[in-house]
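S.K.: So that we are looking at the same thing, I have put the structure below in structure tokens.
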Amino acid sequence: MVGDLKQDSRYDWLSDLRGIKLVWAKYVQPREDWDHDHCLGCGQKLMDSECEDAQKLGWMTIAVPLYGDDTEWVCDDCHETFKSEFVWLEPKCEL
């Protein structure tokens with residue numbers, strides 16, 4: 001199965017998060033001029049306002065961000081697919 005995951009187009013993007021802590025959270029707009037984020041793996045939009053193609057909940061990093069000054073996000077589908085492969089740690093709390 002690991003070989004199959006490495007062929008998945010999301011693998012390389014998400015591999016940077018190997019072993020990192022992720023927490024299930026409601027997306028909250030970080031700044032007035034920044035209204036959404038995207039899943040690091042597949043690009044699924046996360047947003048806290050009403051938007052038909054956006055998710056309001058996802059898995060967020062609680063460590064130092066990898067790309068810029070923002071939190072990284074992983075949608076639930078990508079999380080379910082890759083959580084064992086990347087040994088994501090899940091604290092028993094929700095934000």
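The values are calculated or read from the model by the stated rules, or taken from the named source; none is laboratory data. Just so it is clear, the structure is predicted and the values come from calculations on it, not from any experiment. Counting neighbours? That spans all protein chains shown, and the Cβs are built from the backbone with ideal geometry, glycine included.
Yes/no matrix, rows are residues, columns are (1) among the basic types (K, R); (2) at pLDDT below 95; (3) closer than 14 Å to Y27 by Cβ:
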residue: G41; (1), (2), (3): no, no, no
residue: S49; (1), (2), (3): no, yes, yes
residue: E52; (1), (2), (3): no, yes, no
residue: K56; (1), (2), (3): yes, yes, yes
residue: L66; (1), (2), (3): no, yes, no
residue: D70; (1), (2), (3): no, yes, yes
residue: V74; (1), (2), (3): no, no, yes
residue: E85; (1), (2), (3): no, yes, no
residue: E90; (1), (2), (3): no, yes, no
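S.K.: So, L17, is that one within 21 Å of L89 (Cα to Cα) and either in a strand (DSSP E or B) or among the aromatic types (F, W, Y) (or both) or not? I'd like the intermediate steps shown before the answer.
M.R.: Numbers: within 21 Å of L89 (Cα to Cα): yes; either in a strand (DSSP E or B) or among the aromatic types (F, W, Y) (or both): no.
Taking the combined requirement at face value, the residue does not satisfy it.
S.K.: Right, here's the next one. Which residue is farthest from E85 (Cα to Cα), if the candidates are limited to region 20-51 and must be in a loop (DSSP other than H, G, I, E, B) and touching a residue at least 40 places away in the same chain (Cβ under 8 Å)? Outline the logic, then answer.
M.R.: Residues of region 20-51 in a loop (DSSP other than H, G, I, E, B): 20, 27-30, 32-33, 35, 40-44, 48-51.
Cutting the leftovers down to touching a residue at least 40 places away in the same chain (Cβ under 8 Å) gives us 20, 27, 30, 41.
Values: I20: 12, Y27: 25, P30: 29, G41: 14 Å.
Among those that are in a loop (DSSP other than H, G, I, E, B) and touching a residue at least 40 places away in the same chain (Cβ under 8 Å), it is P30.
S.K.: So, one more: Among what's in region 1-56 and is in contact with a His (Cβ under 9 Å, 6 or more places away or on another chain) and polar (S, T, N, Q), pick the residue that is surrounded by the fewest Cβ atoms within 10 Å (Cβ to Cβ).
M.R.: The selected residue is S49.
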